[in-house]
Amino acid sequence: MSLITQIKMLAIAAFVGALPSGQAQAQQVNLIDFVILQDGVDIAERDAYEEGVKPIAAKYGANVVHSYDLFAHMIGSMKNAVRLNVWNLDHANALGALEQDPAYQKMVSNRDRIHDMSALTLYMGQEITSVGPIKDGFILVDLVVMNGGMGDAERDAYEAKMAPLAKKYGYEIRASYRIMQKISGEGPDRALRLNLWRGETPNGLERLNKDSDYIALENERNTITDFSQLALFMAKPRG
């Protein structure tokens, strides 16, 4: 077992141990996976690896529900991330069970050859809302990080004002996940949530930024948001 895998296993164990009694088996959670490849590795190699992992993961109740190719890094860390996968896990122990599966263990050396395992970023999360995978249009991947002392209440209040404005320009949240724990990688340590926005066109964001009502929210946005840590990408549905 590689050192990186051992660290991940310890993080998973700590996460499971922090859940209230019984929830490790009963509570559905999500694995949020920002994929970063080794230099020179083609995404087709990741595709082949991913297809090999899926049937093994399914044995433990782990299935991909969102999978998007990241084509533009806008701000923040993980500038070399090429894909975002969000997995549903039937229980919090699923990831640890997968890591121990003999068939998966045979894939570890290839996994480590394909991926930059020090940068690839994994979070455990929990669904706030989701209407299923985004199959068309453009996707704004929004990994939210708040300033100290700010949390869900402040973000919810801001989104309640901002979301109707974004909808005017073709953008609306289709899925949102509360970040429960960072497992590994170079992504921000204090991420609050992951929002996936579906947009009609990429230039809708530029038009939103010029909207006078959105500009009026600038002070509130800047007060609550840690722009030095958040991460934004543009993405497209796979296939």
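For the stretch 123-144, the set of residues classified as aliphatic (A, V, I, L, M) and under 30 Å from Glu206 (Cα atoms) consists of Ile128, Val131, Ile134, Ile139, Leu140, Val141, Leu143, Val144, listed by residue number.
In the same structural domain as Val65 (by TED's automatic domain parsing), in contact with a helix residue (DSSP H, G or I) (Cβ under 7 Å, 6 or more places away or on another chain) and surrounded by 18 or more Cβ atoms within 10 Å (Cβ to Cβ): is that true of Tyr158 in this structure? Criteria not met by Tyr158. For the stretch 140-152, the criterion of a residue being farther than 30 Å from His91 by Cβ and crowded, with 19+ Cβ neighbours inside 10 Å is satisfied by at least one position. Within the stretch 58-76, restricting attention to residues that are in contact (Cβ under 8 Å) with a residue 40 or more places away in the chain and over 16 Å from Asn195 (Cα atoms), the residue that is surrounded by the most Cβ atoms within 10 Å (Cβ to Cβ) is Tyr60.
Taken over the stretch 31-49, the criterion of being in contact (Cβ under 8 Å) with a residue 24 or more places away in the chain, out of contact with any His (no Cβ under 9 Å at 6 or more places or on another chain) and closer than 17 Å to Met107 by Cα is satisfied by Ile43, Glu45.
Selection over the stretch 94-116 of residues that are surrounded by fewer than 17 Cβ atoms within 10 Å (Cβ to Cβ), of a type in the set (Ser, Thr, Tyr) and within 23 Å of the chain's Cα centre (by Cα) gives a count of 0. What pairs come out if I take residues in the stretch 216-236 that are at pLDDT 95 or above and acidic (Asp, Glu) and pair them with residues that are surrounded by 12 or more Cβ atoms within 10 Å (Cβ to Cβ) and part of a loop (DSSP other than H, G, I, E, B) whose C-beta lies under 6 Å away, six or more apart or interchain? Correct list of pairs: Asp226/Asn147.
Taking the stretch 92-107 as the range and being at pLDDT below 95, within 22 Å of Ile36 (Cβ to Cβ) and among the aliphatic types (A, V, I, L, M) as the test, the residues that pass are Leu95, Leu98. When residues in the stretch 182-220 are screened for being out of contact with any Asp or Glu (no Cβ under 9 Å at 6 or more places or on another chain), surrounded by 14 or more Cβ atoms within 10 Å (Cβ to Cβ) and either outside any loop (DSSP other than H, G, I, E, B) or not assigned by TED's automatic domain parsing to the domain that holds Val145 (or both), 8 of them pass. From the list Ile36, Ile7, the one residue that fits, being aliphatic (A, V, I, L, M) and modelled with pLDDT of 95 or more, is Ile36. Restricting attention to the stretch 108-125, does a residue exist that is within 23 Å of Asp39 (Cα to Cα) and basic (Lys, Arg)? Within the stretch 108-125, one or more residues are within 23 Å of Asp39 (Cα to Cα) and basic (Lys, Arg). Might you let me know whether the stretch 77-91 holds any residue that is at pLDDT below 95, crowded, with 16+ Cβ neighbours inside 10 Å and touching a Pro at 6+ places or on another chain (Cβ under 8 Å)? Among the residues of the stretch 77-91, at least one is at pLDDT below 95, crowded, with 16+ Cβ neighbours inside 10 Å and touching a Pro at 6+ places or on another chain (Cβ under 8 Å), which makes the answer yes.
When you go through Gly132, Gly170 one by one, which is the residue that is on the phi > 0 side of the Ramachandran plot, outside the structural domain of Ile32 (by TED's automatic domain parsing) and either surrounded by 15 or more Cβ atoms within 10 Å (Cβ to Cβ) or among the basic types (Lys, Arg) (or both)? Let's see the steps before the verdict.
Working: Gly132 fails: either surrounded by 15 or more Cβ atoms within 10 Å (Cβ to Cβ) or among the basic types (Lys, Arg) (or both).
Result of the check over Gly132, Gly170: Gly170.
The values are calculated or read from the model by the stated rules, or taken from the named source; none is laboratory data. Every value quoted in this text rests on a predicted model; they were computed, and no experiment measured them. Cβ coordinates were reconstructed from backbone atoms using ideal geometry, including for glycine residues, and neighbour counts include every protein chain displayed.
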